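K.L.:
Just passing along the structure, written as structure tokens.
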Amino acid sequence: MWRRLKTILGGPVPTLDDDEEIGDDLVQPPTGGRQASEPSPRVSQRVEAQPADRVAEAIASVDALLVGPDGLGDAVVSVRDLIAEMAHEPRVLSCAARVLRRVGEEELALGFEAAATNRSADPLVELAGQFLDLDDPWTAIALGEAAAARTDTAAAHAVVADALLKLDDPGAVVARLAPHVVGPATPSSALVRRYAFAAATAEDWPSYELTQVALEEDDDAGWILHVARRARDFPLGEPPARRRDRFFVRYGAVLVDDAPGEGGVLSIDEMATIIVRIAAALDATAPGVRPAWVGARSEVAARWLADALGVSAMPASARLPDQMVVWVLADDTDWESVEGTLGWTTEPTLVVQLLASVDGPAQPVADIIGRLGPAADLPLDELNAERAADRMPPRLLASSLAEQANLSAAMLGDLPQWAAERKLYLSASDPPPAQYRHVLD
């Protein structure tokens, strides 16, 4: 449902290269909204009331677009611009509800209606989180700032910080949260964690040091201490570091494919390259561990990876208590399958993921990731082919793909040496239980 709205909102999806610090799969910013490269002051809507006639005129222009079916897309774009400028206005929120209901987004429409009629900050915070899920951090910032204008709550400040992290702007997070972390005698632990994470990744050590006592007393903040250690020992510096280096500092993870993801279905050779590089990273950090699968798509990857490692794969359901395995996830959807399985939250969990769209510490992050970027897919159509004669079980498909792949030694590049130099800093070398990976709230 939301993918359709995201398509309407975004137009062309921006890409991330070595000179851009913007998320891979974000919709475009609002026409009049803050660009990712601009500073992040508190949105002016909090202190500057709009003339009543201007608000009414803007809403009337949006409502006029709803008269015919051809104006729905323009209405969505226009109301999004209004939200960026006037998310504090109940009439604008009601207008957004009307537009979203017309395009079939009933859940979001109800959220905007609640925000328009309830003066609590909670509905706006919830909406901001939903727009983060839509990969629209600009709208999330506007809604989060409007929530903070209603009630000065940690939840409102946190969702704005998460949106800024999604825009890869840790310096703005430090500036935005400083009054709520440095000043109060007992700041919110959720805000302290975000502030400290942002300060460490921005290499703003004076700001980071202000959180040292709070972090050391916080049982759920140990991962941030590791972020700071990596940032100090492997400073990113200038010019902008490679994606792999930035990802390592922030998450202690290995990103084996350093090129920007482009979406679409991977070729067999691209999948083979990811498998071989993941195997090399595992050899450097956790040799001999057996891959475990959690579903049919995961099984194809796990069996292919096991062949590359010279071990045998196994279903996750066959794992014994305290048995160390590497959980193999095909993409983001597999997280739901693996969470809650035996030992997942209480025992060390080594995770590799072939395709991922990580954009902030609020999401789970695997220890080794194949490719990071926009929505992509693996070449596994034979698993669910329409004709029964064309379908292949995971075991046979894994073998077939491996036979078709064109491999070369050069595809590893400098990954083995890179991983060896950072072995003691990588989460794959000492994976934590899932519950301690990244705790923000």
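The values are calculated or read from the model by the stated rules, or taken from the named source; none is laboratory data. Note that the coordinates shown come from a computational prediction; the quantities given were computed from them, not determined experimentally. Here Cβ is always computed from backbone atoms with ideal geometry, including for glycine, and neighbour counts include all displayed protein chains.
K.L.:
Can you work out which of the residues in the range 58-93 that are more than 29 Å from the chain's Cα centre (by Cα) and of a type in the set (Asp, Glu) is surrounded by the fewest Cβ atoms within 10 Å (Cβ to Cβ)?
P.N.:
Residue satisfying both the conditions and the ranking: ASP70.
K.L.:
What's the total number of residues in the range 55-82 that are at pLDDT below 85 and over 24 Å from PHE131 (Cβ atoms)?
P.N.:
So the count comes out to 4.
Yes/no matrix, rows are residues, columns are (1) touching a helix residue (DSSP H, G or I) at 6+ places or on another chain (Cβ under 9 Å); (2) surrounded by 23 or more Cβ atoms within 10 Å (Cβ to Cβ); (3) closer than 22 Å to ALA146 by Cβ:
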position: VAL159; (1), (2), (3): yes, yes, yes
position: ALA163; (1), (2), (3): yes, yes, yes
position: ALA172; (1), (2), (3): yes, yes, yes
position: ARG176; (1), (2), (3): yes, yes, yes
position: HIS180; (1), (2), (3): yes, no, yes
position: THR186; (1), (2), (3): no, no, no
position: ALA199; (1), (2), (3): yes, yes, no
position: GLU203; (1), (2), (3): yes, no, no
position: LEU210; (1), (2), (3): yes, no, no
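K.L.:
Right, next: What's the number of the only condition in (1) at pLDDT below 95; (2) over 20 Å from the mean Cα position of the chain (by Cα) that ALA306 fails to meet?
P.N.:
ALA306 satisfies every listed condition except (1).
K.L.:
Do the conditions hold for ARG176, that is, is it touching a Ser or Thr at 6+ places or on another chain (Cβ under 9 Å) and within 20 Å of PRO432 (Cβ to Cβ)?
P.N.:
Details: touching a Ser or Thr at 6+ places or on another chain (Cβ under 9 Å): yes; within 20 Å of PRO432 (Cβ to Cβ): no.
Considered against the rule, which asks whether it is touching a Ser or Thr at 6+ places or on another chain (Cβ under 9 Å) and within 20 Å of PRO432 (Cβ to Cβ), ARG176 comes out as no.
K.L.:
Of all residues in the range 94-124 being under 25 Å from the mean Cα position of the chain (by Cα) and touching a residue at least 40 places away in the same chain (Cβ under 8 Å), which is farthest from ALA75 (Cα to Cα)?
P.N.:
If we take residues in the range 94-124 being under 25 Å from the mean Cα position of the chain (by Cα) and touching a residue at least 40 places away in the same chain (Cβ under 8 Å), then GLU107 is farthest from ALA75 (Cα to Cα).
K.L.:
Moving on to the next point. Taking into account only those residues within the range 112-133 that are in contact with a Lys or Arg (Cβ under 8 Å, 6 or more places away or on another chain) and buried (at least 20 other Cβ atoms within 10 Å of the Cβ), which is modelled with the lowest pLDDT? Can you show your working first?
P.N.:
Step one: filter the range 112-133 for residues in contact with a Lys or Arg (Cβ under 8 Å, 6 or more places away or on another chain), giving 116, 119-121, 124, 132.
Cutting the leftovers down to buried (at least 20 other Cβ atoms within 10 Å of the Cβ) gives us 121, 124, 132.
On the way: ALA121: 95, LEU124: 96, LEU132: 89.
Ranking the qualifying residues of the range 112-133, first place goes to LEU132.
K.L.:
Sticking with this one: Can you tell me which of VAL311, VAL289 is touching a residue at least 60 places away in the same chain (Cβ under 8 Å), surrounded by fewer than 21 Cβ atoms within 10 Å (Cβ to Cβ) and out of contact with any Phe, Trp or Tyr (no Cβ under 8 Å at 6 or more places or on another chain)?
P.N.:
Values: VAL311 fails: touching a residue at least 60 places away in the same chain (Cβ under 8 Å).
Of VAL311, VAL289, the one residue that is touching a residue at least 60 places away in the same chain (Cβ under 8 Å), surrounded by fewer than 21 Cβ atoms within 10 Å (Cβ to Cβ) and out of contact with any Phe, Trp or Tyr (no Cβ under 8 Å at 6 or more places or on another chain) is VAL289.
K.L.:
Hey, another quick one. Scanning for something under 23 Å from the mean Cα position of the chain (by Cα), under 21 Å from LEU380 (Cβ atoms), at pLDDT 90 or above and part of a helix (DSSP H, G or I), does the range 278-288 turn up at least one residue?
P.N.:
Going through the range 278-288, the residues under 23 Å from the mean Cα position of the chain (by Cα) turn out to be 278, 281.
If we keep only those that are under 21 Å from LEU380 (Cβ atoms) too, we end up with 278.
Those left that are additionally at pLDDT 90 or above: 278.
Now drop any that are not part of a helix (DSSP H, G or I), which leaves 278.
Among the residues of the range 278-288, at least one is under 23 Å from the mean Cα position of the chain (by Cα), under 21 Å from LEU380 (Cβ atoms), at pLDDT 90 or above and part of a helix (DSSP H, G or I), which makes the answer yes.
K.L.:
Look at ARG244 and say whether it is closer than 21 Å to GLU421 by Cβ, within 20 Å of the chain's Cα centre (by Cα), charged (D, E, K, R) and assigned to a helix (DSSP H, G or I). Break it down into steps so the answer makes sense when it comes.
P.N.:
Details: closer than 21 Å to GLU421 by Cβ: yes; within 20 Å of the chain's Cα centre (by Cα): yes; charged (D, E, K, R): yes; assigned to a helix (DSSP H, G or I): yes.
Considered against the rule, which asks whether it is closer than 21 Å to GLU421 by Cβ, within 20 Å of the chain's Cα centre (by Cα), charged (D, E, K, R) and assigned to a helix (DSSP H, G or I), ARG244 comes out as yes.
K.L.:
Would you confirm whether any residue within the range 396-410 is loosely packed, with under 15 Cβ neighbours inside 10 Å, part of a helix (DSSP H, G or I) and at pLDDT below 90?
P.N.:
Checked against the condition, which is being loosely packed, with under 15 Cβ neighbours inside 10 Å, part of a helix (DSSP H, G or I) and at pLDDT below 90, the range 396-410 yields at least one hit.
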